[in-house]
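First comes the structure, then the notes that go with it.
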Amino acid sequence: MRFAGHNFEPLPSGALHWPGQQTLLVADLHLEKMSSFARRGQMLPPYDTGMTLARLEADLRRTGAKRLISLGDSFHRADASSLLTHSDRMRLDALTDIVDCIWLSGNHDPAPHAIGGTCLPELELAGLTLTHEPRRGAAGLISGHLHPAAHIHIEGRSTRRPCFVHDNRLMILPAYGASTGSINIMSPAFIGLFNWPGLEVTMLGRDRTYPVSPKRLVRG
Amino acid sequence: MGVLLTDLPPVITDWFAAKGWAPREHQLAVLESWHAKASALLIAPTGAGKTLAGFLPTLSDLVDGEFEGLHTLYISPLKALAVDVARNLTTPIAEMGLPIKVETRTGDTPASRRARQRVKPPHILLTTPEQIALLLSHPQAELLFGSLRRIVLDELHALVTSKRGELLSLALARLAKLAPDLRITALSATVARPDLLRDWIAQPLPDKPTHLLTTSGGAPPVLEILDTSQRLPWAGHSANYAHHDLYETIKLHKTTLLFVNTRSQAEMLFQGLWAINDDMLPIALHHGSLSVEQRRKVESAMVEGRLKAVVCTSTLDLGIDWGDVDLVVQVGAPKGSSRMLQRIGRANHRLDEPSKALLVPSNRFEVLECEAALEAVAESHQDSEDPITGGYDVLAQHVLGMACAEPFLADELFEEIRRAWPYRDLPRAQFDRVLDFVATGGYALRAYERYARLKKTEDGHWRIANPQVAQQYRLNIGTIVEEPMVRVRLVRGRGFKKGQTTGPIGAGGRVLGEMEEYFFGTLLIGDTFMFGGEIVAFEGMKDNEAFVSRAQASDPKIPSYMGGRFPLSTYLAERVRRIMDSPEEWTKLPDQVSDWLRLQRDISVLPRRDSLLVETFPRGAQNYMVCYPFEGRLAHQTLGMLLTRRLERARARPLGFIASEYALAIWGLGDLSGLIRTDRLSLDDLFSEDMLGDDLEDWLDESALMKRTFRNCAIIAGLIERRHPGKEKTGRQITMSSDLIYDVLYQHEPDHILIQATRHDAARGLLDIERLGDMLRRIRSHIVHKPLERVSPLAVPLMLDIGKEPIFGEGRESAMADAADELIREAMGQI
């Protein structure tokens, strides 16, 4: 995938591999989302953090990336890093030991967290801006926040899956966390962000990603 | 008969005499059971005066005005029924001048009255299972129900086959404990296994006798299949060919009820009848998606006798008696004998006159099903479903409710729960897991002890951790989980042009009703479909509303036939197979149908009673495999999913499949006939029962049907909230998050109590695995393979459905792969 003059490899997990920078980009991990519900009396399964970390470990192994940049909303709540189970905490520590981790702040986790790596509000890298929330009119911006999904309809079949979406100026990554939902890129949340004629949509499949034609997109 | 009219208090006998009536035999039999201190199950067809039978003991008990507190609880599946019964009770009570207070309690009852009812109840309270569960979760429950003498359960046959029945059974177990003098009287339509229903009401009161009372059948119904000169369609469900015949029939009767199986069929039929309604007959439409006001309007017009005909779905299966209906029409497959008998019972609510009904098959297969139903009804054969047993989701809800009422000991609650019939064999270990689930989620990874909803006190009692738990419980009570619905609003069309986006649409306009949200997920703007009796065009969506405009089209583009909720009963399926297998019986079939079967016999072979016919043939570039299990669409869909996986492994390269009530067709690129001929593919292995093992497991992992079932279980069990105090969660959000929860849970704890509950439901519900298993056992080493050069006559209907019905298979990935290929072709300038 070519974006703003750089080569990227979108992974079926939802991570974006940037070989030129030996970097793995992920957005919206929402770690400890399910336990945040438990605190309010809804006992959702406490396994989402473990699943997300396992995905991350696998992606880092596969790509051999030296750096991990999480584009905000890494934790579902500001204090969520204190909710981690012992084993998840160990796993996360091991991860921050092996690779250089940069945690950008998001609306769910605006303050720096007490785990390894560096916490930053925003980052400039190789001429691109990395941040949590997409902005209109920016050039070379990579963000998360909106949890994009595409719904396509072709010859009687339809599929709705998270996706990467960019117009060569703005790129939005799919949400990476095991507990995250998604929003259709045709919905009002995305209005005005993209230049539609140049839109590139890449959907996440089981074992590969699929670049799809925007004319197949439907709502819902 | 030990009880005579004279055993009733004079004020009641005088009332009967003044009306010129005499209590019926079964009404007195109920009274006799009451005097013998026994519970009773009264099985009687509709119109037999069941309701009065249920209340005679109460009236005679309360005549002297000395009783204090709540005497009788009446519980029915419909709040409309509770309201109607209240009306039917207050009139005689007033006429007899009895000092009896009757009140209803439903979701519509004002909060102030509901609060008052908890401390100062009427003598007779008419309500629903959900309201009882709610009352039992209050600490005052013991005081309120301590005086209770009688429970009257109405339409029990309809309750016991659903989760509401499970909830009710648990409530009865608690009520039996609170009220030592309790007896239960249950009223039911005729069912296949009355003994099970009797056991069901006897279970909470093990030391008390329970009588089974049955009334004689009344006049047998007069039932016919529509005799038409029109051409019978091969496939489809619209029954368009019959509209003229039906219209003429409606004219000849006073009031006709026309039952169909799905909302879209109701729409089509209603539209079709109005298209030829030259006499402007008052014909109305009634189905679950129409707005409540619209439905109430139709119902009251019906009661007032102002309607000539009503087209309806199962929404009118139960409910208020309408004396003037003199013809019931079933359009489309009757599905089951008991269902058909109950629908026929909606006509002519007088026991001594025969009910009249007409069956209208909408395609050729349905002719066979109608014929089978005709025989079954003539023999009064019952094939109703048995009561369901023991869902862990409902149990979890109940356990939490009991903790809200008062702290409990696990041992005692377990004993009590085993007195609910569906849970009579509940193993202690499973109860403990449910309790653990309610307290902390029941996960192997014990991460949530600090957030526990239930806490164990030092003396071993389980109590709720804080009052918010009870508040949450009360907001999530009940077992009915609605599909996420959107309002359908009619707006002015703005001259839709292809390719244009709508932009914001002005709100306003009339609300036509509600429809399942997933339906709109596949619509494109400008697509037309039928709703509220007219063809409308989809204009867009905003928040929780879908906007539509009146369309000029004469045929809707999107058929939206979603299949009925009820599968063909095993019993009718067996009869259909027998008719096919007995050419001597074909004389009673229309010529078009018997010719079709003869052609099948000549070209291929007929499906036999005890074997499974599998045909394989090439067509176009593809190869087809069609089999005829006659086990209903749901079981066939599951079979199709599993066979496709196996065929993939056998390198037969399957592409998709389509399932009907009767048959299943799979197609692919591999030469199926050749693979079978050369023994590279064994049909016995392909259809072997072990597909319900690993293949099923693999598929359940990602099955959308499992996820939908899980969502229901998770909401009922209280894992996901229906709504929060003050703000309603939208249906959409629940759907999304429950899918994610399922994914996470299935991967990490496939044995979790909620996954168990989901599998249990799916087995008998959307996946119908139970029935599939029975079928695979039946046909083991009885598969008849017929390789053909071309499509067989029997396979034609299914071939015609391809393209009209959703196709299953590797849809998800292949849709993306095709869209990706298309993009590549586009990039290379080929499109």
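No lab work stands behind these numbers, since they all come straight from the coordinates. Every value quoted in this text rests on a predicted model; they were computed, and no experiment measured them. Glycine also receives a Cβ, built like all others from the backbone with ideal geometry; neighbour counts cover every protein chain displayed.
Assorted remarks:
- Estimated from the Cβ-Cβ distance and a Förster radius of 25 angstrom, the FRET efficiency linking residue B:378 and residue B:578 is about 0.95.
- Here the mean projected area of the convex hull built on the C-alpha positions of region A:2-216 is 12.0 nm².
- Computed from Cα positions, the angle between helix B:10-19 and the longest principal axis of chain B comes to roughly 50 degrees.
- Mean-position separation - Cα centroids, region B:284-309 and region B:444-485, in angstrom: 41 Å
- Residues B:145, B:16 arranged by fewest to most Cβ contacts within 10 Å: B:16, B:145
- Amide proton proximity set for residue B:212, modelled H, under 5 Å, gap of 5+: B:41
- Take the Cβ atoms of residue B:301 and residue B:424, set R0 to 56 Å, and the FRET efficiency comes out at 0.80.
- With N the number of residues in region B:5-214, Rg(Cα) / (2.2 N^0.38 Å) evaluates to 0.95.
- Note on chain B: percent of Cα-Cα distances in each 10 Å bin, starting at 0 and stopping at the bin with the largest distance, equals 2, 12, 20, 24, 22, 14, 5, 1, 0, 0.
- Antiparallel DSSP beta bridges within the protein assembly as shown, as percent of all bridges there, nearest 5: 45 percent
- Separation of the alpha carbons by more than 28 angstrom is noted, of B:50/B:254; B:208/B:455; B:456/B:707; B:707/B:786; B:79/B:208; B:101/B:163, for B:208/B:455; B:456/B:707; B:707/B:786; B:79/B:208; B:101/B:163.
- Using the average count of surrounding beta-carbon atoms within 10 Å as a protection proxy, the listed peptides B:795-802, B:338-345 rank, highest first, as B:338-345, B:795-802.
- Nearest 10 degrees, 0 to 90: helix B:753-764 Cα axis against chain B principal axis: 70 degrees
- MRE, 222 nm, helices only [DSSP H, n ≥ 4, -39500 (n - 2.57), over chain A, to nearest 500]: -5000 deg cm²/dmol
- Helix content alone sets the calculated 222 nm mean residue ellipticity of chain B: runs of n ≥ 4 DSSP H residues at -39500 (n - 2.57) each, divided across all residues, give -12500 deg cm²/dmol.
- Gyration tensor verdict on the protein assembly as shown (Cα atoms; rounded if a/c is under 1.5, prolate if a/b is larger than b/c, oblate otherwise): oblate
- Aspartates and glutamates whose Cα lies under 13 Å from that of residue A:66, excluding same-chain neighbours fewer than 8 positions away: A:57, A:97, A:100
- Exposure proxy shown here: for B:248, B:749, the number of other Cβ atoms within 10 Å sets the order, fewest to most, as B:248, B:749.
- For region A:169-220 and region A:55-108, distance of Cα centres in Å: 24 Å
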